[in-house]
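Everything below concerns the one structure shown next.
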Amino acid sequence: MTKFFLLMLSTGTLLYAGFTDFKTIEEANQAYEAGEYAKSATLLKGLETQSPQKSYDIGNALYKDNKYDEAIEAYDKAKGIDEATRQHNIGNSQFQKKEWDKAIEAYEKALELKEDEDTKFNLELAKEQKQKEEEQQKQEQQDQENQDQQNKDQKEQDKQKQDQKNKDQNKKQDQKKNENKEGDKQEDKKKDQG
């Protein structure tokens, strides 16, 4: 099983929240911890405060809920959070979508900002997955070309067989006609002699 890391900073939203939002944040954190990621994201979205941390936490909840496009949108709005961590999580979301080039780009941006073993691991994994997918596509293309050639060859063989069958039928019909003509000539001769 391959490792896959998601860096999380879930309690930071508290720093930006108003006093009345604490209960909602607590509920969102409880929902997150209970694996109710959609509920957590919905609660966080309902907060009146606007902050990079809120967007980041929403992105984390959406990521965990397998809503990768929405997670990326949330991470994009989370500018102001540790940029290396943000790029790492964008990379993770792109990885889950199997958008290898975008994942690789995000991981590379993260590593330019800060060395991180998890990010390095994910970058290498994304590169491997991209290579496997390219090899698979190449093999599928080769298989398709081979199948197309086989189909073409089979059609050509079928056509040749049909042409030969038609020739043989025409030859038989011609022989029958000739036999009929010969039979007619012989009858005519008998009538003439008789």
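So who's got an amide H within less than 5 Å of the one on residue 49, skipping anything under 5 residues away but keeping other chains? H placed 1.01 Å off N, in plane.
Excluding prolines and chain starts, which carry no amide H, the hits are 18.
If you take every residue apart from residue 148 with its C-beta less than 15 Å away from the C-beta of residue 148, what net charge results, scoring Lys and Arg +1 and Asp and Glu -1?
Details: positive: 152, 155; negative: 140, 143, 145, 153, 156.
Residues close to residue 148 contribute a combined charge of -3.
For region 7-148, which whole percent of the accessible surface, found with a 1.4 angstrom probe, sits on carbon and sulfur atoms?
45
Can you give the FRET efficiency to the nearest 0.05 for residue 48 and residue 83, using r as the Cβ-Cβ distance and R₀ = 35 Å?
On the way: r = 26 Å, r/R0 = 0.74.
It comes out at approximately 0.85.
What percentage of all Cα-Cα pairs in region 101-142 are separated by more than 17 Å? Don't jump to the answer; show the numbers that get you there.
On the way: 320 of 861 pairs.
In whole percent, the share of Cα-Cα pairs in region 101-142 beyond 17 Å is 37.
Given N residues in region 60-132, what is its alpha carbon radius of gyration divided by 2.2 N^0.38 Å? Spell out each step's value before the answer.
On the way: Rg = 11.3 Å, N = 73, 2.2 N^0.38 = 11.2 Å.
Its radius of gyration relative to the 2.2 N^0.38 Å reference: 1.01.
Binning at 5 angstrom from zero up to the longest distance, how are the C-alpha pair distances of region 28-161 distributed in percent?
Distribution as computed: 2, 11, 15, 15, 14, 10, 8, 5, 5, 4, 4, 3, 3, 2, 1, 0 percent.
Straight-line reach from residue 67: which lysines have a Cα under 19 Å away, not including same-chain ones fewer than 8 places off?
Those lysines meeting the cut-off are 39, 45, 54, 77, 97, 98, 102.
The values are calculated or read from the model by the stated rules, or taken from the named source; none is laboratory data. Because the structure is a prediction, the values reported are computed rather than measured. With ideal geometry, Cβ positions are generated from the backbone for all residues, glycine too; neighbour counts draw on all protein chains shown. Areas reflect the complete protein model, heavy atoms only, side chains present, ligands, DNA and RNA absent. Shrake-Rupley method; radii C 1.70, N 1.55, O 1.52, S 1.80 Å.
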